[in-house]
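S.K.: Pasting a structure below so you can have a look.
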Amino acid sequence: MAFRGHFDYSLDAKNRLNIPPKFRASFSGGVVLAKALEPCVAIWTPEAFEAFTESFLANLNPVSAERRKLTRFFAGSSFDAELDAAGRITLNPALLAHAGIKKEVVVVGVLNHLQVWDREKWLEDQESLNAEVVEIAESLGHPS
């Protein structure tokens with residue numbers, strides 16, 4: 001299933017987040033919570049997270065500083081989790097701090113995973129992205 005759309009939620013007092021119901025079945029085999037490169041939390045299936053990290057780590061020299069740093073960032077800041085019976089996951093303090101998440105969040109589908117943004121940061125990012133997206137798209141050219 002491709003993850004698309006965005007959804008407004010609030011964390012509860014225990015920092016639990018409701019996963020949108022239409023996506024819950026995709027996480028029946030587990031969840032990987034990880035720092036994203038942007039100030040947000042990434043929610044992956046274990047298989048998608050493995051494919052993502054392998055897509056760039058496999059091409060790097062295994063003893064290079066870049067590979068060691070990327071491995072440390074992605075593996076060292078990711079956590080295995082499970083949805084509870086109500087379809088929620090708990091976001092830990094390290095991930096909340098990385099993303100600057102308070103209580104109000106936006107869950108965003110980005111095709112192969114979900115991202116969780118603090119709502120204010122999401123709105124700021126969208127404003128910036130709207131101003132840049134045409135230039136970004138045009139700079140890529142069109143494959144022939």
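S.K.: Condition first: more than 12 Å from the chain's Cα centre (by Cα) and aromatic (Phe, Trp, Tyr). Can you find one or more residues in the stretch 106-119 that meet it?
M.R.: Checking the stretch 106-119: not a single residue is more than 12 Å from the chain's Cα centre (by Cα) and aromatic (Phe, Trp, Tyr).
S.K.: Across the stretch 54-81, what is the total count of residues that are more than 21 Å from TRP117 (Cα to Cα) and either part of a helix (DSSP H, G or I) or of a type in the set (Gly, Ala, Ser) (or both)?
M.R.: The number of residues fulfilling the criteria is 14.
For (1) surrounded by 12 or more Cβ atoms within 10 Å (Cβ to Cβ); (2) among the β-branched types (Val, Ile, Thr); (3) closer than 22 Å to LYS121 by Cβ, each residue gets a yes or a no:
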site: MET1; (1), (2), (3): no, no, no
site: HIS6; (1), (2), (3): yes, no, yes
site: LYS22; (1), (2), (3): yes, no, no
site: SER28; (1), (2), (3): no, no, no
site: ALA75; (1), (2), (3): yes, no, no
site: ALA86; (1), (2), (3): no, no, no
site: LEU91; (1), (2), (3): yes, no, yes
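S.K.: Looking at the stretch 32-84 only, could you name the residues that are over 21 Å from LEU111 (Cα atoms) and among the acidic types (Asp, Glu)?
M.R.: Selection gives GLU66, ASP84.
S.K.: Answer yes if at least one residue in the stretch 63-79 is in contact (Cβ under 8 Å) with a residue 24 or more places away in the chain and charged (D, E, K, R), and no otherwise.
M.R.: There is no residue in the stretch 63-79 that is in contact (Cβ under 8 Å) with a residue 24 or more places away in the chain and charged (D, E, K, R).
S.K.: Cβ-Cβ distance below 6 Å, separation of 6 or more or different chains: which pairs start in the stretch 122-144 with a residue that is touching a residue at least 40 places away in the same chain (Cβ under 8 Å) and end on one that is outside any helix (DSSP H, G or I)?
M.R.: Taking only residues 6 or more apart or on different chains, the pairs are TRP122/VAL106.
S.K.: Condition first: of a type in the set (A, V, I, L, M, F, W, C), over 13 Å from ILE19 (Cβ atoms) and buried (at least 20 other Cβ atoms within 10 Å of the Cβ). Now tell me which residues in the stretch 107-131 satisfy that.
M.R.: TRP117, TRP122
S.K.: Inside the stretch 17-55, can you point out the residues that are under 17 Å from GLY5 (Cα atoms) and of a type in the set (Ser, Thr, Tyr)?
M.R.: Passing the criteria: only SER26.
S.K.: Looking only at the stretch 1-42, filter to residues that are β-branched (Val, Ile, Thr) and in a strand (DSSP E or B); which one of those is nearest to the chain's Cα centre (by Cα)?
M.R.: So, considering only residues that are β-branched (Val, Ile, Thr) and in a strand (DSSP E or B), the one nearest to the chain's Cα centre (by Cα) is VAL41.
S.K.: May I ask you to verify whether GLU138 is part of a helix (DSSP H, G or I), at pLDDT 95 or above and either in contact with a Gly (Cβ under 9 Å, 6 or more places away or on another chain) or surrounded by fewer than 10 Cβ atoms within 10 Å (Cβ to Cβ) (or both)?
M.R.: Here the answer is no, as GLU138 does not meet what is asked.
S.K.: Examine the stretch 89-106 for a residue that is free of Cβ contacts under 8 Å to residues at least 60 places away in the same chain, in a strand (DSSP E or B) and within 20 Å of LEU11 (Cα to Cα), and state whether such a residue exists.
M.R.: The answer is no, given that none of the residues of the stretch 89-106 is free of Cβ contacts under 8 Å to residues at least 60 places away in the same chain, in a strand (DSSP E or B) and within 20 Å of LEU11 (Cα to Cα).
The values are calculated or read from the model by the stated rules, or taken from the named source; none is laboratory data. For clarity, every value in this text was computed on a predicted model and none was experimentally measured. Using ideal geometry, Cβ is built from the backbone for each residue, glycine included, and neighbour counts are taken over all protein chains shown.
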